[in-house]
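The values are calculated or read from the model by the stated rules, or taken from the named source; none is laboratory data. Given the structure is predicted, the values throughout are model-derived calculations rather than measurements. Counting neighbours? That spans all protein chains shown, and the Cβs are built from the backbone with ideal geometry, glycine included. When the accessible area is computed, the model is the full protein with side chains, heavy atoms only, and any ligands, DNA or RNA have been set aside. Shrake-Rupley method; radii C 1.70, N 1.55, O 1.52, S 1.80 Å.
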Amino acid sequence: MLSSHMKNLTHLFNHNRRWARDIEKRQPGFFAALSNQQAPEYLWIGCSDSRVPANEIVGLPPGELFVHRNVANLVVHTDINCLSVMQYAVDVLKVKHIIVCGHYGCGGVRAALENRQHGLIDNWLRNIQEVYRQHQRELQAMPATDAVVDRLCELNVAWQTLNVGHTTVVQEAWARGQEVRVHGWVYGLSDGLLKDLQVSLSSVDELQTLEQKLRGL
Ligand code: CO
């Protein structure tokens, strides 16, 4: 028989009460003030991986980071979920920055490289295989699989950054003069550090330059 601990996950409620109490002790009225509105400056698009907790990595408290996470931090033009998050973040919350954050050793990226079936998720991972095909020559020349995975994690972020820039949400924001900058970062599971991949975009010109660079033109 399950203990009530496991049945009701009481340990998580205990953590939660302690967490809320600690914050309230440091900043009385914190939650009451936050319940009225949110005004985050950043939208984070990251991997669902449990080792990459968005707020903690960048040290931001509740209210300062709008978050969307999926397997391998993909921005797919037919994904109504991700696009809706982006639209709300840009049009309503007026975030100034969209951060696409991948991570080294991503299981989704690794699975996309394997020659075996994983079920439904293979349809999702197909998007990473497209990235691989764009950079096949560079990646095939690399000796170790781990190095290929890590390089593909970086390239995937760069392409997803481009995808963000191509969405109607960002295109329309730029067209009406709203400042939105898209960034591509990668996180190291083994050292906890972020790396800026220097693929950031804030205009159609920068978008075209990055696209040409990624396509090797
Ligand atoms: Co991942």
Legend entry - Mean-position separation - Cα centroids, the range 21-50 and the range 61-136, in angstrom: 23 Å
Inset, instruction - Return one whole number: the accessible area per residue of the range 57-191 in Å², for a 1.4 Å probe. - result: 48 Å²
Inset, instruction - For the chain, calculate the relative contact order in percent as a whole number, restricting contacts to Cα pairs under 8 Å that are 6 or more residues apart. - result: 19 percent
Legend entry - His183, His103, reordered so the largest accessible area comes first (probe 1.4 Å): His183, His103
Legend entry - Karplus-derived HN-Hα couplings along the range 192-203 (A = 6.51, B = -1.76, C = 1.60, θ = phi - 60°), whole Hz, x at Gly and Pro: x, 9, 8, 10, 7, 7, 6, 10, 6, 9, 9, 7
Inset, instruction - Starting at the first residue of the range 85-101, write each ³J(HN,Hα) from the Karplus equation 6.51 cos²θ - 1.76 cosθ + 1.60 with θ = phi - 60°, in whole Hz, x for Gly and Pro. - result: 4, 4, 4, 5, 5, 7, 6, 9, 7, 6, 4, 9, 9, 10, 10, 8, 10
Inset, instruction - Answer with one residue from Gly192, His5, Leu113: the one whose Cα lies farthest towards the positive end of the charge dipole of the chain, charges on Cβ with Lys, Arg +1 and Asp, Glu -1. - result: His5
Inset, instruction - Tell me the GluC sites (Glu not before Pro) within the range 140-212 that lie in a loop according to DSSP and have at most 13 other beta-carbon atoms within 10 Å. - result: Glu179
Inset, instruction - Please report, in debye to the nearest 20, how large the charge dipole of the range 127-187 is about its Cα centre when each Lys and Arg carries +1 at its beta carbon and each Asp and Glu carries -1 there. - result: 140 debye
Legend entry - Principal-axis tilt of helix 145-166 within the chain, Cα atoms, nearest 10 degrees: 80 degrees
Legend entry - Carbon plus sulfur fraction of accessible area for the range 1-62, probe 1.4 Å, in percent: 56 percent
Legend entry - Solvent-accessible surface (1.4 angstrom probe) belonging to Lys7, in square angstrom, nearest 10: 150 Å²
Inset, instruction - Select from Pro143, Leu93, Gly165 the residue farthest towards the positive end of the dipole of the range 67-195; place +1 on Cβ of Lys and Arg, -1 on Cβ of Asp and Glu, and compute about the Cα centre. - result: Leu93
